[in-house]
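Some notes on the structure that comes next.
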Ligand SMILES: [Zn+2]
């Protein structure tokens, strides 16, 4: 595989080596076979959050009960605050809430040892998307302009580590694991990854090679040892190895949404019977991929159809532009409850 080396270059090059097209000249599309840097970046979004959740529930059936109980308090919170009207009011805590982030880079070659610049490029994307300041919000169909929510959260790379020492908010771990999956092994040093920093006070993001998915997250109320989100290095940030159509940082926006208790907007079943527990996102018949054109009608949700521009759908990075107001309230409910210690809360 002659391409094993050529997309790595200097570790911190940060140049636009992109990974577009230079890795698939090989024979068998490999990808997960050798994992040696010759993997082909995904062309459609795949998220492992629900599968990861089911694996955790299989190991700890009470997790499902805890998440169901959280749904009750979330519903109460939304009922209480929906009357605020603009979906941006933090009653329990004055916003914006500032969340410290640690990024654990777990690599097995030069390419997956992504640069500091690539890590840093992710943060402004999160801050724009979670504060209704993303410039591509202008692409939102007019029918939903009044539904766009401001989550009122800000993120920053941690400046203090768990021992109190100064840090740039990035850890680096060399691994012999060719490619991880949604089994949480990247979250433990014992299985080739890196242990989390305290998950009640940091957002832990692991960036690595992933087989056949862009990322996955853990919902609130799950095991502390695996709490956080995992993202494929070619879908993280906006420079370095970030590769189109997932090179605008939206995989992290999507996965952090799950971490704050959002579901996919189609409710994870494809017969129109599912729910995302959010009333201002239309019922949808399944995920939308790529770059759909408005409207895409399913589940008798015409004339406007699916809210495929929502961050919790499966479209390309340049097509998802918004959270809804009630999604914002759900996330604020999480930060007032299950994740209340983040950002210096009680
Ligand atoms: Zn997802």
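Read-outs: derived from the displayed coordinates by stated rules, not from any lab. As the structure is a prediction and not an experimental result, all values here were calculated from the model. Reconstructed Cβ throughout: ideal geometry from the backbone, glycine too, with neighbour counts over all protein chains shown.
Shown is the FRET efficiency for residue 200 and residue 43, computed with R0 = 25 Å from the Cβ-Cβ distance and rounded to the nearest 0.05: 0.10. Full extension of the chain between residue 165 and residue 279 gives 36.6 nm of extra length, using 0.36 nm per residue less the Cα-Cα distance. Given their separation in residues at 0.36 nm each and the Cα-Cα distance between them, residue 291 and residue 143 gain 51.5 nm when the chain is fully extended. Each Cα pair under 8 Å and six or more residues apart adds its separation to the average, and for region 189-346 the resulting relative contact order is 18 percent. Averaging 1/r across all pairs of distinct Cα atoms in region 98-165 and inverting the result yields a Kirkwood radius of 14.4 Å.
Distance between the pseudo-spin-label points of residue 212 and residue 117 (7 Å out from Cα toward the beta carbon): 3.5 nm. Along the Cα→Cβ direction, 7 angstrom out, place labels at residue 244 and residue 191. What is the inter-label distance in nm? Label at residue 244, label at residue 191, 3.6 nm between them. Cα centroids of region 271-294 and region 224-241: 25 Å apart. One decimal place: the segment residue 69-residue 54 gains 3.7 nm when fully extended, by the rule 0.36 nm per residue minus the C-alpha distance.
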